[in-house]
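The values are calculated or read from the model by the stated rules, or taken from the named source; none is laboratory data. Just so it is clear, the model here is predicted, and its values are computed rather than measured. Note that we place each Cβ from the backbone using ideal geometry, even for glycine, and neighbour counts take in every protein chain shown. All accessible areas refer to the heavy atoms of the entire protein, side chains included, with ligands and DNA or RNA removed. Shrake-Rupley method; radii C 1.70, N 1.55, O 1.52, S 1.80 Å.
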Amino acid sequence: MTRASMKELSPIDIYKLLPKTNCKECGQENCMAFATKIVNREVDLDSCKPLLKKQYEKAYNQLKELLRPAVKEVVVGVGEKAKKLGGKLVMYRHEFTYTNPTAIAIDVTDEMSDEEIQNRIKKTENFSFEYIGYTLKLDMIAVRSTSGDAEKFRATVKKVAESTNLPFLLCTLNPNVAEAGLMAAPKANPLLYAATPENWKDMAELALMYNCPLVVSAPNDLAALVSLVKTLTAYGVTNLVLDPGTFTNDGLGTTLNNFTMLRRAACKSGEELAGFPLMGVPMVAWAGKGEVADEIVKWREAYLASMLVVRYADIIVMHGNDGWSLLPTAVLRQNIYTDPRKPVAVAPGLKVFGTPDENTPVMFTSNFALTYYTVASDIESSKINAYLIVVETEGSAIDSGVAGRKLTAERVADALKASGVESKVKHKRLIIPGKASRISGEIEELTGWKVQVGPRDSSEIPKYLTEKWQP
């Protein structure tokens, strides 16, 4: 079963099917503006109230089909912490911004002590890292049945459900054990792992009974995986996640190839049976650990996780939960799931550090997020008082901004005036980044301020102020 390849939609394609009332109920000036927003996925189709009327039902369904993502969106969990998996429109991020960042799940087992389970849950919940204006977090808990005991699994799932509102997976191939886990949290909408060629009917019955999404697993057998998806969808289970198998060492190439083939089939060939979120399990790095040091295994798990994030995994399950091993994957995920067409920028304006007075130094930087947060971090960590003017550079860094005329003396002068900092200090001295030295003369002419060329690297600001700042 295939669907037509998703062509490049234009606003006209959408506009033709809209009511064309220009009623503005959607918040846009007219239907064409709404169509443009729809194409860019900036508004929801249901924002068009006239379209929801019975007379436009056919057009509404046609639009839904046009806008349907190549990869189905599957929701795990309930409430504010519910996690959306998949929903991808394209294969490559330069074609269109990726949505629904890869969910990172940390495992617990039904053979861990209560204390260990609680510690792992809290560590997962408390993982937090500020990165260029974003807070990086973990997403889910994977509850694994390693005992094979239904009662133990039920008790563990109950503890997890009572201890966290993070979404969770129930991991077992035994339908009886799976049912015990579902009974412990019947309304939690967990992701059930997993239906296989051997147990699919029982798992499908559980997914339907508890109305929860289901993982389909056929390690390194894409034909069997797709066949199983066809069987399950015909049976009525439509919220599926695909696990093509995760292998390490000599099997790594096969793993990445399988993930790529599934995503290509969905996005480039319109294969509906491949159009579901993909699941990777980097924790297989721990299998057969032997005498290898934990740090080595955590590193192997981390690089496997990062490869899977790059190769289209919508959810990954990990065992190592140290910050140093999770952070590279979390940062990589954030970088991949930003819009490559738009520089990551912060709002321009005056930023105040410490408790400045009339003699406090005044500096400026660009509004490129990585530049701003690096400079801000260096100023904060040195505990100096400072006024920092963030200049609108359209998300360009200092050197590229100067070279591309995004950072000009005119823009610096305008930002200086708009900041109001002149009324806050008695001096008129502006420290500029070393990489902007070529426009120092123009800045002086336009502002009337004395310009001091500062260091090229913001880590040298404290030393520079100590040696050269004289208001």
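Just a few scattered comments:
- Among beta bridges that DSSP assigns inside the chain, antiparallel share in %, nearest 5: 30
- Per residue accessible area in Å² of region 146-207, where ligands, DNA and RNA are left out and the probe is 1.4 Å: 42
- Solvent-accessible surface of protein heavy atoms, probed at 1.4 angstrom with all chains present, puts GLU271, GLU467, GLU394 in the order GLU467, GLU394, GLU271, largest first.
- Accessible area (Å², 1.4 Å probe, nearest 10) - TRP449: 10
- Amide H contacts under 5 Å for LEU430: LYS450, VAL451, GLN452, restricted to partners 5 or more places along the chain or on a different chain, H placed in the peptide plane at 1.01 Å from N.
- Accessible area (Å², per residue) of region 60-145, counting only protein heavy atoms and a probe of 1.4 Å: 45
- Portion, in percent, of the accessible area of the chain that falls on carbon or sulfur, probe 1.4 Å: 49
- Set of lysines near LYS83 by C-alpha distance (under 23 Å), chain-local residues within fewer than 8 positions excluded: LYS64, LYS72, LYS122, LYS123, LYS137, LYS158, LYS159, LYS187
- Per-residue 3J(HN,Hα) values for region 318-329, derived from phi via the Karplus relation 6.51 cos²θ - 1.76 cosθ + 1.60 with θ = phi - 60°, read 10, 9, x, 10, 7, x, 5, 8, 8, 4, x, 5 Hz in sequence order (x marks Gly and Pro).
- Kirkwood hydrodynamic radius of the chain, Cα pairs, Å: 25.5
- Vicinal HN-Hα couplings computed from phi for region 455-460 (Karplus, 6.51 cos²θ - 1.76 cosθ + 1.60; Hz; Gly/Pro x): x, 6, 10, 5, 5, 8
- Amide H partners (placed H, <5 Å) of GLY280, local residues excluded: ASP314, ILE315, ILE316, VAL317
- Ordering of 354-365, 133-144 by packing [mean C-beta count within 10 Å, highest first]: 133-144, 354-365
- Cα centroid separation, region 54-119 to region 317-352: 19 Å.
- Among the GluC sites (Glu not before Pro) within region 287-357, those in coil by DSSP and having at most 11 neighbouring Cβ atoms inside 10 Å are GLU291.
- One chain, two ends: ARG41 and THR254. Fully extended at 0.36 nm per residue, the span grows by 73.3 nm beyond their Cα-Cα distance.
- Whether region 248-385 is rounded, prolate or oblate, judged on the alpha carbon gyration tensor where a/c under 1.5 counts as rounded: oblate
- Contact order relative to length of the chain, as percent, for alpha carbon pairs under 8 angstrom and 6 or more apart: 12
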